[in-house]
Structure formats: C-alpha cells, structure tokens
Amino acid sequence: MQAVLRAVPREPGHPRRVRREGGLPAVLYGPSGNFPVRLDAREFHRLLASGRARGILTVELVQDGTTRSLSAMVKELQYHPARGDLLHVDLFEVREDEPVRAQVPIVLRGVEEAEKRGILQHQLAELEIECLPRHMPAAVEGDVARLPVGEELRVRDLEVPAQVRVLNDPDEIVAVLLPPKDLGAEEEEQPAAEVAAGAATEEKGEKGEV
C-alpha cells in the first residue's frame, strides 16, 4: 500500500514563512507542469523516518475544495548545510503505465541467528530497481539466517518480486558473515604480560634494598 502525502498549492517564494507555519516547501514536477506546493512537515518527516518516503507516494493535491490523487516520487531533498534541517522537497509525478527507477532499502532477515555464528557486515544498503509504480516494493529482503561463516549474500540471492527488474550487478555483495574474533590469542598474551610485570616489580624491589 502506497503512503499518502497531502499537498496544498502555494504561492512561489516565502519558504521561511511556510516552515514557520509548520509546512514544508515543495515543488511537484509533472507532465502538466511544475507546481509549488506546501506539505505538512511532521507528516513528511514521519514518512522519512519509516522509510516509506523512498517509494511511490500517493499525493493528495487539495485545491479549491477538491482533492486530486496522483502518484509521485521524491526526486530531491534539500538540507541546510550547517544545521542539517530539511528545507525543501522536489516531487516528481509518475505515470502508472510507465516504468520508473528507484532506490529501495535492503532489509536483512535472520540477523540475530547469523550473529550467533559470526560477525555480520551489511555492505549494500539500497538496491536500484525498475518497475511499474504499482509494483514498487517498499523494501527488498535477504535471508542471512543460514548464511555459512565466510560466505556472502549477493544481489542475486535477494527476494525480488517477478515484476521488478534489478539494475545492480547480480554478483554485488550485500552482506558477509565473518568468523568470530579469536579470543584465544588475547588470553595467551595476558599471562605473559602479567609475568613481565611481576618480574619488573621484583627487580625494582631488589634495587631498593641495596
């Protein structure tokens, strides 16, 4: 199910006033033109935090008492260079009958089970895909529960819907399960260090008695 984002047309300019009033300035780009709109800042930040802003959004454009729904994607986010605050959003309208490209997060399943056997390194966080908007997944999963130690999970191992085309190299590494750290060597070094410290203390004592 696509996330819903409400938008209201606004006059160009005055972005600071829009933000002071709890809004988020945005521009909706599409086949019929480019429209400055105002988003609800809290609503959009919730979508960002949940990861749902990465996929296809249902934008409800409210104008003159009527609501028009359309599909769109986040094209660009503009942040303040010093504070890191989100300042502006560019949205791009997509057609339901045309394929679109997007980056979707990769979610690993079975992490706790894998970490009982070794150290799991998640190396590829997002997957580049192409599909029709109605087939756009919120995320793509990979199972590492039974991944052998020393082996890699690759792009070709991910669970991708049949309607989705993956643009990454199939052999690209997503995650690797490394052997657990060898604590035996550290335990062997510790007694040696204690012996050396004891010898130094004994020698110091002998010098003090002279």
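The values are calculated or read from the model by the stated rules, or taken from the named source; none is laboratory data. Note that the structure is predicted; figures quoted are calculated from it, not measured. Note: ideal-geometry Cβ built from the backbone for every residue, glycine included; neighbour counts use all protein chains shown. We work out accessible area using only protein heavy atoms, side chains counted, and drop any ligands, DNA or RNA first. Shrake-Rupley method; radii C 1.70, N 1.55, O 1.52, S 1.80 Å.
Compute the accessible area per residue over region 70-116, keeping the other protein chains in place, probe 1.4 Å, unit Å². Each step should come with its number before you reach the end.
On the way: 2850 Å² over 47 residues.
Accessible area per residue, region 70-116: 61 Å².
Can you give the net charge of the other residues whose Cβ lies under 13 Å from the Cβ of ARG20, counting K and R as +1 and D and E as -1? If you can, show how the numbers build up before the last one.
Details: positive: ARG16, ARG17, ARG19, ARG38; negative: GLU21, ASP85.
The answer is +2.
Taking all protein chains as present, what is the carbon and sulfur share of the accessible area of region 76-182, in % to the nearest whole number, probe 1.4 Å?
Details: 2980 of 6300 Å².
Carbon and sulfur together cover 47 percent of it.
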Folded to 0 to 90 degrees: helix 41-50 orientation relative to the chain principal axis, Cα
50
If you bin every alpha carbon distance in region 70-123 into 10 Å steps from zero, what whole percent lands in each bin?
17, 26, 24, 26, 7
Taking amide H positions as placed 1.01 Å from N in the peptide plane, with prolines and chain starts having none, which residues 5 or more places from GLU141, or on another chain, fall under 5 Å of its amide H?
VAL107, GLU159
Working from Cα positions, state the angle (0 to 90°, nearest 10) between the long axis of helix 184-209 and the longest principal axis of the chain.
50
Overall Cα dimensions of region 60-155 - principal axes, largest extent first, Å:
60, 40, 21
Which order do the peptides 81-88, 163-170 take when ranked by the mean count of other beta-carbon atoms within 10 Å per residue, highest first?
163-170, 81-88
Fraction of antiparallel bridges per DSSP, the chain only, in percent to nearest 5
75
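Let me have the 222 nm mean residue ellipticity of the chain computed from DSSP H runs of 4+ only, each contributing -39500 (n - 2.57), with the sum over all residues rounded to the nearest 500. Mind showing how you got there, number by number?
Details: 4 runs with 47 residues, N = 210.
Value at 222 nm, helices only, nearest 500: -7000 deg cm²/dmol.
Over all pairs of distinct alpha carbons, what does the Kirkwood formula give as the hydrodynamic radius of the chain, in Å?
Working: mean 1/r = 0.0469 Å⁻¹.
So the Kirkwood estimate lands at 21.3 Å.
How big is the Rg/Rh ratio for region 20-87, C-alpha atoms only, Rh by Kirkwood, two decimals?
Taking Rg over the Kirkwood Rh, I get 0.96.
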